[in-house]
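Comments concern the structure below.
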Amino acid sequence: MLVVTGGAGFIGSHVAEIALSRGERVIVVDDLSSGDPMNVPRGAQLVVADVTRPEQLGRVIELVRGEEVAIAHLAAVAGVVEASRSPARALEVNVVGTANVLELARRLDAYLALASSAAVYGEPSELPLKESSPIRPISLYGVSKLAAEQVTFSLAAEHGIRASALRLFNVYGPRMKPGPYASVVYNFLTAALRCEAPVIYGDGSATRDFVFVADVAEAFLRAAERRATGVFNVGTGRETSVTELLDLVSRVTGVRLEPRRAPPRPGDIGRSVADVRLAREAPGLVPLGKP
């Protein structure tokens, strides 16, 4: 059985959906503060609960029928901008909430896969980024995700919980959230559909490792299936600049996009690309970054 915290959100809903398609019993835990109940796949059992409230998480225990349980922990205040807008809440959800979910894992004798982020690396001193690369987060979001990792492995060691942290790079795909701080992929596609000028922050030379959401969901499911432990990058190993992405969207949509320029945003890094060899070769979590 799979428990997906944040399962009404962008990535979590895909994890739940694919697990259900493979015959898994799925419980989605979400407080619906940012998730959409319409994202919860048919067949999943929804528990409306806040991960910062242990008494609400206790409802999950009542639904477990003696099955072997894995938890995909994706409930979070997600993103650099969202975390900086609500720093206290971001720390509460991302750190305290993670500790509460670890307690749930202890009580259920469950495996746990944490959704971490490439934001923990900060401005890279080397590329591609390896799991062993220096950790120097420059945003509150990155700090909160690093703290979540440390809480996870500390409590896992103390209580004998098998756990992993998947450092997600720039995820895109269906159910991306709209808004002024949405994914650059979402914003470029929306601009093309509306024949509007997209905004590029900086000169367009910033690079990212864009990874499709179904591949990210697959990584969580493989981690749960194989009870993988440790830290793993989840990306493609391909570096794409914002300007290259804009050109690609223009070619695919047939709409010539002339961007508007804006200053770089605080917390944005210059370059980012994952080294995915560890995840691909060790537990085989991601069939990504093909040579």
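Taken together, the values in this text are just the output of simple stated rules run on the coordinates, not laboratory data. Being a predicted model, the structure only gives us computed values, none of them experimental. For neighbour counting, all protein chains shown are included, and Cβ atoms are generated from backbone atoms with ideal geometry for every residue, glycine included.
Structure values in brief
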item	result
Under the Debye formula (equal points on every Cα, no solvent term), log10 I(q)/I(0) of the range 1-126 at q = 0.19 Å⁻¹	-1.01
Separation in nanometres of the label points that stand 7 Å from Cα toward Cβ, at residue 240 and residue 55	4.7
Percentage relative contact order, the chain, counting C-alpha pairs under 8 Å, at least six apart	18
Trypsin sites (Lys or Arg not before Pro) lying in DSSP loop within the range 25-68, provided at most 15 other Cβ fall within 10 Å	42, 65
At q = 0.10, 0.20, 0.22 Å⁻¹, base-10 log of I(q)/I(0) for the range 142-241 (Debye sum, equal scatterers on each alpha carbon)	-0.39, -1.10, -1.21
Gain upon complete extension [residue 92, residue 109; 0.36 nm per residue less C-alpha separation]	3.7 nm
DSSP-defined antiparallel bridges as percent of all bridges, the chain, nearest 5	5
Å³ per residue enclosed by the Cα convex hull of the range 178-291	121
Taking all pairs of distinct alpha-carbon atoms in the range 86-137, Kirkwood radius in angstrom	13.1
Choice from 98, 243, 52 showing the highest fluctuation, given a GNM over the chain with Cα pairs closer than 10 Å	243
Cα gyration tensor shape of the range 21-63, rounded if a/c is under 1.5, else prolate or oblate by comparing a/b with b/c	oblate
Percent of Cα pairs exceeding the 16 Å cut-off, where the set is the range 128-170	44
Around residue 16: net Lys/Arg minus Asp/Glu count, Cβ-Cβ under 12 Å	+1
Karplus 3J(HN,Hα) series, Hz, for the range 185-196 with 6.51 cos²θ - 1.76 cosθ + 1.60 (x for Gly, Pro)	4, 4, 5, 5, 5, 5, 4, 5, 5, 9, 6, 10
Computed [θ] at 222 nm, helices only, for the chain once each DSSP H run of length n ≥ 4 contributes -39500 (n - 2.57)	-11000 deg cm²/dmol
Rg to Rh, two decimals, where the chain supplies the alpha carbon set and Rh follows Kirkwood	0.96
Sequence-separation-based contact order of the range 121-183, relative, with Cα cut under 8 Å and 6+ spacing, percent	19
Local electrostatic count, residue 89, Cβ distance below 12 Å [Lys/Arg +1, Asp/Glu -1]	-3
DSSP bridge pairs, the range 143-291: antiparallel proportion in percent, nearest 5	15
